[in-house]
Every structure is written in structure tokens, then in C-alpha cells.
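What follows is a short report on a single structure.
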Amino acid sequence: MPTRIQKLRDREFDAILLATAGLERLDEAVELGDAEPLDRSGLVEVDLDMEVFIPAPSQGALALQARKDDTATREVLMELDDAKEHRAVACERRLLALVDAGCQVPFGAWCKTKNGTDELTMVSFLERNGLRHRARVQGTDIETMAQESLTMLLGGENTK
């Protein structure tokens, strides 16, 4: 990350987009004495609004795997699983499968759980043929939410 920031300072880039999580990890490494402080002077930092800058599905989700016959490891991994967040990621991934978008298609989706409930809110974006469509759905059933989002993305109001 410091290399990319140096390229920005050297005017090799006009701007740079960095993950907040990466900057936070770097700050933690500095606190632990494992890294040099990052000179942020002269830089403008802006947190992007997820309602506007919709990320690719499952950003930030971790996938952990274990051998099928390794029961002890699988039990430990199950303790790490957050069932509510797991459902939110599953909703995003279901919509991704329905959209059938590769990495060349401008598509994003994020889903979050409503505190203390099973209700989900999913926001998504798709651009096809120069038309931009957004969808926002709420519900508890992943399949229904993904289908409703797809319908809106393929035929909803464009935002061009």
C-alpha cells in the first residue's frame, strides 16, 4: 500500500482507491511496531457511501475450508460462522448467480441484516447496454429477494 501511495505522490496516478480494512491493518501494524507509519499528509481520504458505490458481491466475506473427514476442524470453523451474515452473503451470491455476470460486467450487490431480526436489505446495481439499473429489496427469503432484484435490474428504471 505505501508503494501505491508513493506512486500517487509521484503523480503516476491521478487518484487511488484503497480498502479501509487495509489502511486499518497498516495502522494496527504500526501500533504493534511491525510497520512504519504511513504519511497521509496532503492526501484526501473519503469513505465511499455503499448506497452509491456498491461493491462486488461477497466483498469482505471469508471462505474457510476443511477436509470433509476432518470433524474437529469443521467444528471449530462452524463456531466462527455468523449465521445472519452468512445469509446476507448467500443472498448476494444468489443474485450474482442469477445475473450470470462475469468480471467484465459492471455489477454490484451488498446485503445486510436488520439488527436482531432475520430481515435482510439488499442493494444492487447492474449496467447493461449503457443503461444503469439499481434495485433495493427487503425481505427474509433469499430466493425471493434475489428474483425481485433481478427483475428490477433487468427492467427497472435506469439511472443514466
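The values are calculated or read from the model by the stated rules, or taken from the named source; none is laboratory data. Just so it is clear, the structure is predicted and the values come from calculations on it, not from any experiment. Every residue, glycine as well, gets a Cβ built from its backbone with ideal geometry; the counts of neighbours run over all protein chains shown.
Where the second residue is of a type outside the set (Lys, Arg) and the first is under 20 Å from residue 56 (Cα atoms) and lies in the range 1-22, which pairs have Cβ atoms under 6 Å and are six or more apart or on separate chains?
Filtered contacts from the range 1-22: 16/8; 22/1.
Which members of the range 135-144 meet the condition of being in a loop (DSSP other than H, G, I, E, B) and of a type outside the set (D, E, K, R)?
Matches in the range 135-144: 140 only.
For every residue, the table says whether it meets (1) in contact (Cβ under 8 Å) with a residue 60 or more places away in the chain; (2) under 19 Å from residue 61 (Cα atoms); (3) in a helix (DSSP H, G or I).
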site: 86; (1), (2), (3): no, yes, yes
site: 92; (1), (2), (3): no, yes, yes
site: 98; (1), (2), (3): no, no, yes
site: 124; (1), (2), (3): yes, yes, no
site: 133; (1), (2), (3): no, no, no
site: 146; (1), (2), (3): no, yes, yes
site: 154; (1), (2), (3): no, no, yes
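Residue check, residue 75 against (1) under 30 Å from residue 124 (Cβ atoms); (2) assigned by TED's automatic domain parsing to the domain that holds residue 121, all met but one. Which one?
Unmet condition: (1).
Would you say residue 20 is of a type in the set (Ser, Thr, Tyr) and more than 20 Å from residue 92 (Cβ to Cβ)?
When the stated conditions are applied, residue 20 does not pass them.
Restricting to the range 7-66, name every residue that is surrounded by 13 or more Cβ atoms within 10 Å (Cβ to Cβ) and at positive phi.
58
Looking at (1) of a type in the set (Val, Ile, Thr); (2) touching a residue at least 24 places away in the same chain (Cβ under 8 Å); (3) assigned by TED's automatic domain parsing to the domain that holds residue 131, which is the only condition residue 105 fails?
(2)
Can you tell me how many residues within the range 85-105 are of a type outside the set (Val, Ile, Thr) and modelled with pLDDT under 90?
Going through the range 85-105 one residue at a time, the tally reaches 5.
Cβ-Cβ below 6 Å, separation at least six or inter-chain, first residue in the range 28-42 and without any contact (Cβ under 8 Å) to a residue 24 or more places away in the chain, second not in a helix (DSSP H, G or I): which pairs?
29/35; 30/37
Within the range 104-119, is even one residue surrounded by fewer than 16 Cβ atoms within 10 Å (Cβ to Cβ) and of a type in the set (A, V, I, L, M)?
yes
Given the conditions (1) part of a helix (DSSP H, G or I); (2) at pLDDT 95 or above, report the number of the one that residue 111 does not fulfil.
(1)
Out of all the residues in the range 41-64, which are under 10 Å from the mean Cα position of the chain (by Cα) and either among the small types (Gly, Ala, Ser) or not in a loop (DSSP other than H, G, I, E, B) (or both)?
Passing the criteria: 56, 58, 60, 61.
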